[in-house]
Amino acid sequence: MRKSEKISIVKEFPYPHVIVKDFLDASTLDIVIDALAGLEYDFKESDLFSYWASVELTNIDHPAINILRDDLGDELWRKKVAEAFSSKPLSSIDMAAYVYGLGDFLLPHDDQVEERIIAYSLHLTPEISEEMGGSLQMFDIDDNNNSKLVDSVIPEYNSLIMFEVSKHSWHQVGEILQDIQRLTVTGWYHG
Amino acid sequence: MVDINFYYLEDATLSNLNRIFNSADIPFIRLSKFLNEAPDKIEPKLSSEEKIGYYNRKIGNALLDDFWKSSDFNDFLCKATGLKPKFRKSNHFSYYPGDYSLLHMDASETSRLLVVYDLTKEWRQEWGGYDLYTSPDKDPLVCNRDFGSLMIVKLDSGDLSCTRYVSLKSQFSTYMDCITYDLE
């Protein structure tokens, strides 16, 4: 179950985004993390990224994953997310789990794919700190495509970050610098 | 004065290079100790070059700009590859920790010959920074850093190249002259 039902005011700079802290209650967190630990992850690597990804979790039938999918994507929550971002109604979500280990990274990209309205990432690594790497880093882009890193979000345990997908939503995941496993459930709300 | 290692100018060697180059999946040869004396003190004047989603690196004039344009080197390229390359541009690139380029940066390119002369003195594979070449339906080609090596790659329209992200843990940076030749 969700512990937090409230979405605070969306920050507009460098593009609309918001962080919901303490998103899940403790018992849900336990069973979700247990379930995610039991999944198989494949190593994915390209010029743009290096990480471990689970199978697509959108349609998997698993008691704990079903609860998580409801918490992130039930009608009530989708309505709150749409209201917070003043977006069009959100019809569905997709989701997968990702693990970043030592040396893994995700370089700048904007997430733009048709029908993606809001991106989200639920952070599930206890006691992560800035020097460990893995921050979600946000860029400001001007009209000439000049970019500047302007915000770095430490992926605090049980925090949910959401941002509006647009041509401005450039972001990256900083390289993991210590021997940790940065676990997230990540996906998009679709229109 | 820059001289090609005499071994690479012998007829038998050139014949072999031509055969190896043209039999590779992605036409490619790598020639270690290519010059008799590799430039020792590397102090290129560099400036930052960033296009988000494409590259973030340092760029300057090629250290051996005159040599890459010379008839001596062009003759060598013709014999080693069997092609008729025409000089287009040369640059010196350096990738510091955190720098990268991505494959789609040359998505609009046509057929070309890429030459990379590696001036990276100290390197570990785990720091990344290697060159990556891709071609549809072919295995990607990975070229690790190796001081003094010359790499020659023929890429066609639709083929892509990049230099892989350099780890923030890297204690050094990569240095290379990169030259592009047009192909008829």
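Data overview
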quantity: Residue order for B:K89, A:K3, B:K58 - accessible surface, 1.4 angstrom probe, largest first; calculated: A:K3, B:K89, B:K58
quantity: Qualifying trypsin sites (Lys or Arg not before Pro) in the range A:99-179, DSSP loop, other Cβ atoms within 10 Å at most 16; calculated: A:K167
quantity: Solvent exposure of the protein assembly as shown as accessible area per residue, Å², 1.4 Å probe; calculated: 49
quantity: 11 Å beta-carbon shell around B:F147, net charge (K/R +1, D/E -1); calculated: -1
quantity: Interface size A-B, as summed buried accessible area [1.4 Å probe, Å², nearest 100]; calculated: 1300
quantity: Chain B, relative contact order [Cα under 8 Å, separation at least 6], %; calculated: 29
quantity: Distribution of pairwise C-alpha distances over the protein assembly as shown, 10 Å bins, in %; calculated: 5, 21, 27, 20, 14, 9, 4, 0
quantity: Unit charges at the beta carbon, dipole of chain A: most positive-side option, A:F43, A:H109, A:S87; calculated: A:S87
quantity: Total charge dipole magnitude, the range B:1-113, about the Cα centre, Cβ charges on Lys, Arg, Asp, Glu only, Debye to nearest 20; calculated: 300
quantity: Semi-axis lengths, Å, chain B, gyration tensor of Cα atoms, sqrt of 5 times eigenvalues; calculated: 24, 20, 15
quantity: Nearest-10 value in Å² for the accessible area of A:D22, using the 1.4 Å probe; calculated: 80
quantity: Whole-angstrom gap from the range A:76-119 to the range B:161-182, using each part's C-alpha centre; calculated: 32
quantity: Per-residue SASA entry for B:D11, accessible area with 1.4 Å probe, Å² rounded to 10; calculated: 130
quantity: Dipole of the protein assembly as shown, positive direction: furthest Cα of A:Q181, B:M151, A:T125, with charges on the beta-carbon; calculated: B:M151
quantity: Rh (Kirkwood; distinct C-alpha pairs) - the range B:1-72, Å; calculated: 15.2
quantity: Ranking by accessible area, most exposed first, for A:H123, A:H62, B:H104, A:H190 with a 1.4 Å probe; calculated: B:H104, A:H62, A:H190, A:H123
quantity: Chain A - percent of accessible surface contributed by carbon and sulfur, probe 1.4 Å; calculated: 50
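The values are calculated or read from the model by the stated rules, or taken from the named source; none is laboratory data. This one's a predicted model, so the numbers in the text were calculated from it and none came from an experiment. We place every Cβ from the backbone using ideal geometry, glycine too, and count neighbours over all the protein chains shown. Heavy atoms of the whole protein, side chains included, go into the accessibility calculation; ligands, DNA and RNA do not. Shrake-Rupley method; radii C 1.70, N 1.55, O 1.52, S 1.80 Å.
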